[in-house]
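Worksheet for the structure shown next.
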């Protein structure tokens, strides 16, 4: 029987080979499994959503029951931190929602047109810290300390169990995601047409600070993460014309990706929404420096056909199938992906493992990589 240290090395090696487009001993399989773990372990969603240490323990204990999983996508669960990235509050069970409810972003217009000028005058970071305190009611110093503590704790617990942590989130990927959340998507799109030059100036200031903070965090880390999480959804071409996308998404996306791979770290491109139109623009990055993770809205076969020579692909078992399909549905779909994608493929649920995924369907997904 292998020790946890041996399992950690085996799983990490398997993942690194897939990322490098080499042939691993078998297709690696990972999951972003948070709310599913709470339901699986019978932990109250109100407690899981508000206690990051408890969330880490719950996820580690769940993963121990599914030893075929090669990695967890994240080490802890912090719903409020996710909402902060969209200048929004998060509704969670026991605080804003009934017990058992999954958390949901409470998107409202919290960022005003006048705030653009404030950012230009005072800089992004001072504005953001003030915004978190005054608009979201977050004690910044205390909250970030808790996130750091929980992330370190969760990472340690997973590593001790022989399970690598696939990704670490440092900050927002591109300014558009954050601004669109604070303004609401509809009003932000209007801003792009009404005041494009001002929006670009704000984004430029934000991007310089985001890049500096990202590089600083990587340089301060005692050990480089396996990948850095970069989440873009609203910045996908599904929501923007080619002209807007090339001005307000592309240059910022390229800048943050280059800053991360320049530090010798792989980018986990967690790109939700449909990217079919613009996949060609991702061919510019060196081989093995990025992984494209899709949520089933981008055609995974088109990703492989366009980017398969330069980056690995992660996905793409649909949430609806995992929640409402049969084990045969999941097994057959997963097996087909493993066969068709070949090297440079990581099997995973599309985006995240849904809270209501059937346990037998999760087992079917794992059986596919084992060839059972």
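Of the residues making up the stretch 268-278, those that are farther than 10 Å from residue 298 by Cα and in a strand (DSSP E or B) are 268, 269, 270. Per the listing 174, 189, the residue uniquely touching a residue at least 24 places away in the same chain (Cβ under 8 Å) and over 30 Å from residue 31 (Cβ atoms) is 189. Filtered by the rule that a residue be surrounded by fewer than 15 Cβ atoms within 10 Å (Cβ to Cβ) and either farther than 20 Å from residue 208 by Cα or at pLDDT below 95 (or both), the stretch 107-124 gives 108, 109, 112, 113, 114. Against the list (1) crowded, with 17+ Cβ neighbours inside 10 Å; (2) under 21 Å from residue 271 (Cβ atoms), the condition residue 330 fails is (2). Considering the stretch 69-82, the residues that are free of Cβ contacts under 8 Å to residues at least 60 places away in the same chain and surrounded by 22 or more Cβ atoms within 10 Å (Cβ to Cβ) include one that is nearest to residue 167 (Cα to Cα), namely 77. Please go through the stretch 33-47 and pick out each residue that is buried (at least 22 other Cβ atoms within 10 Å of the Cβ) and touching a strand residue (DSSP E or B) at 6+ places or on another chain (Cβ under 8 Å). Scanning the stretch 33-47 gives a single hit, 33. Inside the stretch 279-299, residues that are outside any loop (DSSP other than H, G, I, E, B) and either surrounded by 20 or more Cβ atoms within 10 Å (Cβ to Cβ) or under 14 Å from the mean Cα position of the chain (by Cα) (or both) make up a count of 6. Residues that are under 30 Å from residue 63 (Cβ atoms) and in contact with a helix residue (DSSP H, G or I) (Cβ under 8 Å, 6 or more places away or on another chain) number at least 1 in the following helices (runs of 4 or more DSSP H) confined to the stretch 107-204: 140-160. Of note, residue 99 does not satisfy the criterion of being assigned to a loop (DSSP other than H, G, I, E, B), surrounded by fewer than 15 Cβ atoms within 10 Å (Cβ to Cβ), out of contact with any strand residue (DSSP E or B) (no Cβ under 9 Å at 6 or more places or on another chain) and at pLDDT 95 or above. Residue pairs whose Cβ atoms lie under 7 Å apart, sitting 6 or more positions apart in sequence or on different chains, and linking a residue in the stretch 125-148 that is over 18 Å from residue 172 (Cα atoms) to a partner that is at pLDDT 95 or above and part of a helix (DSSP H, G or I), are 146/52.
When the stretch 125-138 is limited to residues that are loosely packed, with under 15 Cβ neighbours inside 10 Å and more than 24 Å from the chain's Cα centre (by Cα), the one that is nearest to residue 211 (Cα to Cα) turns out to be 126. Go through the stretch 91-106 and give me each residue that's in contact (Cβ under 8 Å) with a residue 24 or more places away in the chain, out of contact with any helix residue (DSSP H, G or I) (no Cβ under 6 Å at 6 or more places or on another chain) and more than 18 Å from residue 39 (Cβ to Cβ). Residue satisfying the conditions is 95 alone. Exactly one residue out of 205, 199 is over 30 Å from residue 68 (Cβ atoms), crowded, with 20+ Cβ neighbours inside 10 Å and out of contact with any strand residue (DSSP E or B) (no Cβ under 9 Å at 6 or more places or on another chain): that is 199.
The values are calculated or read from the model by the stated rules, or taken from the named source; none is laboratory data. Only a predicted model underlies this, so the values are computations on that prediction, with no experimental measurement involved. Note: ideal-geometry Cβ built from the backbone for every residue, glycine included; neighbour counts use all protein chains shown.
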